[in-house]
Structures are given as structure tokens and as C-alpha cells.
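Heads up, the thing below is written out as C-alpha cells.
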Amino acid sequence: MNPLVSIILTSYNKSASVGQAIESVIKQTYPHWELFIMDDNSNEETVGVIEQFLDHPRIYYYNSHVAESDRYKTTRYATLINQAIADSRGKYLSYLTDDNIYLPQRLKVMVNYLEKNKTVQIVYSEQLVKVYGHNQTVTQEFVRKNYGILHKAANRVDHCSVMHTRKIANQVFNKYQSYWDDDPQFWLNGDAAFWTRLNQLQPFYPIPQVLDVAWKFPESFQRLYLHVPNTIPDGTLIRGLAKDVYLIDQQKRRKISEEMMTRLHYSKNSIIKIPDPFLFKYDEGAPVDENVLLSPALFPNQRLVKSKNAPAIYYLQNNRRYLIKNMNTFNYFQFNPNEIVMVDDKTIEAIPNSQQIIEPLNTIQNILPNGVLWKSNQQFFLSYNNRLHPIQHEVLKRLKLSDSKAVTLPPTFLPKFPRGKSFSYVKNNLM
Ligand code: UDP
Ligand code: MG
């Protein structure tokens with residue numbers, strides 16, 4: 001009469017909230033549960049909080065001890081959930097994250113529903129979402145409502161608002177050879193990927209009642225991911241949770257120190273904060289350190305260089321230097337005089353010379369400098385390798401590119417240059 005519910009809590013470095021998530025399970029009015037705390041090698045502070053609960057007879061603890069170099073090879077929480085499903089015994093499975101709490105009735109209401117409606121295998125409930133700003137203040141609050149019987153629950157139902165039978169999880173396993181798909185492409189919405197698998201077998205049935213509370217902290221992955229494009233354009237400075245700053249150069253991430261940022265005239269204000277899984281997707285390239293001043297082949301691209309002894313200003317791209325014809329040309333492309341880096345003649349000469357950058361632009365033989373922002377009516381483009389890549393306005397803002405600095409595209413010019421892949425963000429309906 002009282003079937004066992006296995007709750008799978010995934011945890012990583014949220015010492016401020018993981019304890020409350022665990023307590024919310026202990027306080028359930030329905031007694032017949034087991035809790036699997038799947039910790040992904042959190043810091044000591046977080047493990048210290050979790051350890052306070054490990055005497056509880058129905059709490060099981062697992063630490064992945066994942067190596068940092070392996071952390072971004074799979075969608076970690078999906079990997080941990082797969083293991084917990086295999087190790088647990090409950091008739092029903094339910095998910096929890098370290099920044100969410102179940103309301104006391106959650107298990108009772110869901111189990112009752114599933115026991116009364118034997119053909120139903122998946123239920124979902126409403127969720128109260130509290131968005132936090134800095135200083136622990138709630139900046140926004142809303143309820144994620146029910147949408148009736150859902151045949152497409154992906155990106156509509158949150159990770160922590162679902163309960164389903166083990167039976168249907170096993171059917172998923174038989175069909176796909178795994179429960180959750182932990183391919184790293186699903187970091188942003190691994191739950192949605194699993195809901196899609198479940199939906200191949202059955203719709204989600206609604207329980208029109210708020211049964212959990214989600215806390216969205218500023219560092220949350222989904223918030224950091226907002227409007228980040230599928231590809232980070234070359235020339236962008238990025239950082240993750242750690243303080244290290246990287247320059248994206250030829251689609252590699254190159255570590256750059258504060259001192260080198262100053263020496264190469266990068267602005268600290270242009271650094272973009274992105275989620276770690278997205279940062280580590282980029283292979284690491286040679287660091288931008290003192291060596292780049294000695295070895296011109298290592299000099300970062302999309303920089304302006306000039307020698308003290310000559311007026312010529314060059315723009316570097318694809319490891320070559322391009323002479324900028326004159327100051328009109330310089331101004332036309334909205335190059336910034338404050339970004340010119342003074343180097344010695346030898347360094348300049350050691351960089352292979354290429355074409356001149358000129359304007360007006362008439363033929364595709366003209367060089368469109370890499371990373372220039374263009375505007376035509378309300379459409380924006382970034383140029384790379386003489387292609388115009390459309391860029392969404394939200395992405396542009398997220399990358400801290402100033403739309404007022406966009407170069408107006410002459411109408412005759414638009415059809416002349418080929419279009420490139422667009423910089424667009426991944427839509428996520430949850431935040
Ligand atoms: N997580 C994990 N390993 C990591 C990062 C995150 O297991 O390296 C877990 C985390 O504990 C949480 C889930 O993945 O349960 C989603 O992470 P987060 O809360 O940061 O993302 P968001 O709430 O923004 O989706
Ligand atoms: Mg979360």
C-alpha cells in the first residue's frame with residue numbers, strides 16, 4: 001500500500017541550499033522514501049553540509065570524485081542520475097536538485113495520484129520559482145503552471161516537478177540503452193532530453209498544485225547561459241566561475257593574464273561570463289603571455305599593431321597583418337585608436353604581410369576585417385573570413401557589443417558578400 005519512492009538529488013557546490021533540499025525530503029508527510037544524494041565532487045564546504053545527514057537510515061550518499069578534466073565530457077547530472085536509477089529500488093522515481101525544495105505534501109500527493117490511476121506512469125506538478133539577485137534578495141517570483149496533459153513536456157516541465165514509474169524508466173532503457181542521455185550537448189536541458197524519451201511512451205499527467213520551490217541563483221547555469229550564442233565569436237574575452245580569463249582566438253580559448261590584457265589594450269569591461277561547461281568546450285590554445293611579444297606567430301588576432309617608427313597601422317587576422325589604408329578607412333570600420341598596440345619593427349616584419357584593408361567596398365576581393373559589426377536596417381552581422389554572419393540582437397548585447405558602433409552596410413554590398421553561419425542563442429523556455 002505504501003510503495004517506495006526513490007528520490008535522486010544531484011549536488012554540486014551549493015553549500016548554501018543543499019541542506020535545505022535534503023531537509024525538505026526528511027520533512028515529507030509520506031514516509032516511504034529513500035534518498036540518493038549524488039554529489040559531483042563538490043568542495044569541502046558542500047560535502048560538510050551533506051555529511052550532517054548521512055546517519056539517516058534512508059539516505060544514501062555517493063561522491064563521483066570526477067576529475068576536473070572529465071567534468072565536461074558528459075552532462076554530469078544525467079550521468080549521476082543514471083547511476084542512481086540503477087542502484088535504487090523504488091517503484092517510483094523522483095528528481096531533486098541542490099537549489100530546490102519539495103513542499104511537505106509532494107510525495108504523498110503524487111503517490112496517491114499514481115496509485116489511484118494505474119495506467120498513468122508520469123505526473124508533474126506546478127512549481128514556485130524564486131529568482132535571486134545578488135545579496136540574497138528575491139528579484140522575481142512566478143509559478144510555473146500546469147499545461148494539462150502534456151505530449152511534449154520538454155522545456156515546459158522542470159527537473160524537480162516530475163515523478164514517474166520505474167517501469168517506464170526501464171522501457172526507456174530498453175529502447176535507448178540508457179535512461180538519461182548524458183551527451184554533453186544536453187548540459188542546458190538534460191531533463192528536456194529525458195522528457196522527450198518519456199513522451200515517446202506516454203504523456204505527462206498534471207497535478208494542478210504547487211509542490212516544489214525552485215531557487216534560481218545568479219550563478220545558475222541556466223541564467224548564465226541566457227543569450228549565449230552556439231558559437232562564441234573570435235576576439236571575445238570570456239570567463240567561467242573561476243577568475244581565469246580567456247581570449248577566443250581561432251575558436252580556441254587562450255588564457256590571458258590581467259597584465260597582458262592591459263599591455264594588449266583589452267578592456268576588462270568586455271569580459272563575458274559564461275557557464276563552465278560551455279567554456280571548457282573550447283580546446284585550450286597557447287596562452288597570451290609575455291611570449292607573444294617575442295614570438296609573433298603567437299600574437300593574438302583581431303588586434304591593431306603599429307611600430308613607433310612608422311605611421312602604418314596593421315590589423316591582425318588569421319595570423320597575418322593587413323595594412324589599413326588610411327585614417328578614413330580606420331574610422332570607417334570603427335577601429336578604436338585606444339586599442340593600437342605599439343610593437344617593434346622586428347615583430348611587425350615577422351608577421352606575414354597580406355592585403356590592404358580599403359574602402360569603399362565594391363567587390364568580394366575587398367577585405368572585411370574579422371569581428372567588425374555591421375548593420376542593415378534592424379539586422380546585424382559580424383564579418384569573419386569575408387562572410388557576413390547574422391547575429392541576434394540579444395546575443396549582441398550578451399557579448400557586450402555596442403550596436404551604436406555598428407558600421408552601416410551599404411545596400412549594394414549586402415548581396416555581394418556571402419552569408420556565414422549565424423550567431424544565435426539556444427532557446428530555453430524555463431528561464
Ligand atoms: N551539477 C552536477 N555537476 C556539475 C554541475 C552541476 O552534477 O558539474 C548538477 C547540479 O548539482 C544540479 C544540476 O546539475 O543538480 C543543474 O545545475 P545548476 O543548478 O547549476 O543549473 P540550473 O539550475 O541553472 O539548470
Ligand atoms: Mg539548478
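The values are calculated or read from the model by the stated rules, or taken from the named source; none is laboratory data. All values derive from a computational prediction rather than experimental measurement. When we count neighbours, we look across all protein chains shown, and the Cβ atoms used for this are built from the backbone with ideal geometry, even at glycine.
Some points to look at:
- Looking across region 1-52, the residues that are within 16 Å of ligand 1 (Cβ to nearest atom), surrounded by 17 or more Cβ atoms within 10 Å (Cβ to Cβ) and part of a loop (DSSP other than H, G, I, E, B) come down to TYR12, ASN13, LYS14, SER15, SER17, ASP40, ASN41, SER42.
- Filter result for SER94 (touching a helix residue (DSSP H, G or I) at 6+ places or on another chain (Cβ under 8 Å), more than 14 Å from VAL210 (Cβ to Cβ) and of a type in the set (Ser, Thr, Tyr)): yes
- Every pair of residues 6+ apart whose Cβ atoms lie under 6 Å, when the first sits in region 25-39 and is in contact (Cβ under 8 Å) with a residue 40 or more places away in the chain and under 16 Å from LEU4 (Cβ atoms) while the second is aromatic (Phe, Trp, Tyr) and part of a strand (DSSP E or B): PHE36/TYR60
- Flag if LEU241 is in contact with a Lys or Arg (Cβ under 9 Å, 6 or more places away or on another chain) and at negative phi: yes
Conditions (1) modelled with pLDDT under 95; (2) surrounded by 21 or more Cβ atoms within 10 Å (Cβ to Cβ); (3) within 16 Å of ligand 2 (Cβ to nearest atom), marked per residue:
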| site | (1), (2), (3) |
| --- | --- |
| ASP70 | yes, no, no |
| LYS73 | yes, no, no |
| THR119 | no, no, no |
| VAL131 | yes, no, yes |
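- Residue list for region 207-219, filter: crowded, with 19+ Cβ neighbours inside 10 Å and within 10 Å of ligand 1 (Cβ to nearest atom): ALA214, TRP215, LYS216
- Residue count for region 10-56, restricted to those that are closer than 27 Å to LYS91 by Cβ and more than 16 Å from ligand 2 (Cβ to nearest atom): 18.
- When the test is whether a residue is polar (S, T, N, Q), within 11 Å of ligand 1 (Cβ to nearest atom) and surrounded by fewer than 21 Cβ atoms within 10 Å (Cβ to Cβ), ASN100 does not pass it.
- Strands (runs of 3 or more DSSP E) completely within region 152-252 that count 1 or more residues being more than 29 Å from GLY371 (Cα to Cα) and aromatic (Phe, Trp, Tyr): 205-216
- Subset of region 318-335 (residues that are under 34 Å from the mean Cα position of the chain (by Cα) and under 13 Å from LYS306 (Cβ atoms)): ARG321, PHE335
- Number of the condition not met by ASN189 [criteria: (1) within 16 Å of ligand 2 (Cβ to nearest atom); (2) surrounded by fewer than 20 Cβ atoms within 10 Å (Cβ to Cβ)]: (2)
- Selected residue [more than 30 Å from ARG239 (Cβ to Cβ), among the small types (Gly, Ala, Ser) and at pLDDT 95 or above] from SER383, SER354: SER354
- If you check VAL143, VAL123 for being closer than 18 Å to ILE207 by Cβ, more than 16 Å from ligand 2 (Cβ to nearest atom), in contact with a helix residue (DSSP H, G or I) (Cβ under 6 Å, 6 or more places away or on another chain) and β-branched (Val, Ile, Thr), only one passes: VAL123.
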